[in-house]
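Take a look at the structure below.
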């Protein structure tokens, strides 16, 4: 299996984020790249650099207003007298239809959903190449490979069409699905991150051409809180094309595999041609976010179940944070997938 990786993704290196009213070290660190790349190689993957597909596939998902913001906001922010090194919003509109301000402070509040998506000097460069990494993995699969792993960083599934959030800026999984759709195939996005892929859901919520399925910790007491409930099935033409499968905190391997079968049955029913797998490794029992209790061996079981659908799969890295088990979890998943499709 090919692993697509661009070293420019290291440029995004904010030092802080805010949670529970405190300024904390940012857990989404560049060192994740080293750990995950070594783990992919341990699973037998060959690493290749992505090609540049330009802005078109990104702009098919994200508004030009938002892309301009991402590309320019850090420079504009730093012109403010006494501004912090990183862009962290301190005010938000009460509704998304509110007026659009000219000020950097106001636009930060408009385009950043929370205080866990700080924008640093290198954020735009890294987010751009993270998206190109996903698109190059799509190319690999469309050219006939069974699967490809896109080592994307920063992640993307909390990013809406014009809104960053939860360490995410460009929605790599959505960008990949749209590229597959434009190639004339039916994509389904399966999100196995411990957090609900609220941005992905929002992008496709009124559409019937992309199926979105997410298995995640119950959002009533877990980020992103406001999205990811089982009652959210889509709207308009999209009704019935979104499936949320929230699970209790502490969910174990066997419990996870049981609900995964429900997700895979829905993907089969959609007539899916290609799976976009939003791979979060933060469901692990030792991940810093402590949502589920999936074991390292459990990731191989999850991968095997997905691989048994026998569909081309674009694997896009989402969450999974620095711990002693992070690399082993990815190796377990990729090895399990490869063994099932060999």
For the residue 237, residue 262 Cβ pair and Förster radius 22 Å, calculated FRET efficiency rounded to 0.05 is 0.40
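Assign one of three labels to region 221-285, namely rounded, prolate or oblate, based on the Cα gyration tensor with a ≥ b ≥ c the square roots of its eigenvalues; rounded applies when a/c is under 1.5, prolate when it is not and a/b is larger than b/c, and oblate otherwise. It would help to have the intermediate numbers written out before the result.
Working: a/c = 1.94, a/b = 1.27, b/c = 1.53.
Verdict is oblate for region 221-285.
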Ranked by Cβ crowding within 10 angstrom, fewest neighbours first, how are 110, 169, 222 ordered? 222, 110, 169
List 103, 23 from most exposed to least, where exposure is judged by having the fewest other Cβ atoms within 10 Å. 103, 23
Estimated distance in nm for a label pair at residue 269 and residue 41, the labels positioned 7 Å out from Cα along Cα-to-Cβ: 4.4
Would you list 237, 121, 285 from fewest to most Cβ contacts within 10 Å? 237, 121, 285
Before anything else, pin down the relative contact order of the chain: Cα pairs under 8 Å, at least 6 apart, normalised by residue count, whole percent. 18
Taking Cα atoms, the helix 31-42 axis meets the longest principal axis of the chain at an angle in degrees (rounded to 10) of 20
How much of the DSSP bridge set in region 106-248 is antiparallel, in percent, rounded to the nearest 5? 15
When the gyration tensor of region 1-74 is built from Cα positions, what are the square roots of 5 times its three eigenvalues, in whole Å, from largest to smallest? 26, 23, 9
Can you tell me how much longer the chain between residue 48 and residue 60 gets when fully stretched, taken as 0.36 nm per residue apart minus their C-alpha distance, in nm with one decimal? 1.8 nm
Protection proxy (average C-beta count within 10 Å per residue), highest first, orders 52-60, 153-161 as 153-161, 52-60
To the nearest 10 degrees, how steeply does helix 123-142 sit against the main Cα axis of the chain, on a 0 to 90 scale? 20
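Let me make sure I get this right: for region 165-264, a, b and c are the square roots of the gyration tensor eigenvalues over alpha carbons, sorted descending. Under 1.5 in a/c it's rounded, otherwise prolate if a/b > b/c, else oblate. Which is it?
Numbers: a/c = 1.66, a/b = 1.49, b/c = 1.12.
Prolate, because a/c is 1.5 or more and a/b exceeds b/c.
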Per GNM of the chain with C-alpha springs under 10 angstrom, the most fluctuating residue out of 72, 313, 251 is 72
Quick one: work out the % antiparallel among DSSP beta bridges in the chain, nearest 5. 20
Would region 73-209 count as rounded, prolate or oblate if I go by the C-alpha gyration tensor, calling it rounded below 1.5 in a/c and otherwise prolate when a/b exceeds b/c, oblate otherwise? prolate
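Report the equivalent ellipsoid semi-axes for the chain in whole Å, largest first, defined as the square roots of five times the eigenvalues of the gyration tensor built from alpha carbon atoms. Please list the in-between numbers first.
Values: eigenvalues 168, 90, 83 Å².
Over the Cα atoms of the chain, the semi-axes work out to 29, 21, 20 Å.
At a Förster distance of 30 Å, what's the computed FRET efficiency of residue 230 paired with residue 324, Cβ-Cβ distance as r, to 0.05? The partial results should precede the final answer.
Details: r = 34 Å, r/R0 = 1.12.
Efficiency at R0 = 30 Å is approximately 0.35.
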Computed helical MRE - 222 nm, the chain, DSSP H runs ≥ 4 contributing -39500 (n - 2.57), nearest 500: -11000 deg cm²/dmol
Compute the distribution of all C-alpha to C-alpha distances in region 264-335, in bins of 10 Å from 0, and list the percent of pairs in each, rounded to whole numbers. 20, 49, 26, 5
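Could you state the orientation-averaged shadow area of the convex hull built on the Cα atoms of region 195-342, in nm² to one decimal?
That works out to 8.0 nm².
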Please give the helix 326-341 orientation as an angle from the longest Cα principal axis of the chain, in degrees from 0 to 90, rounded to the nearest 10. 40
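Every number here is computed from the coordinates shown, using simple stated rules; none is lab data. As the structure is a computational prediction, the values presented were derived from the model and not from experiment. Neighbour counts are summed over all protein chains in view; Cβ atoms, including those assigned to glycine, are modelled from backbone coordinates with ideal geometry.
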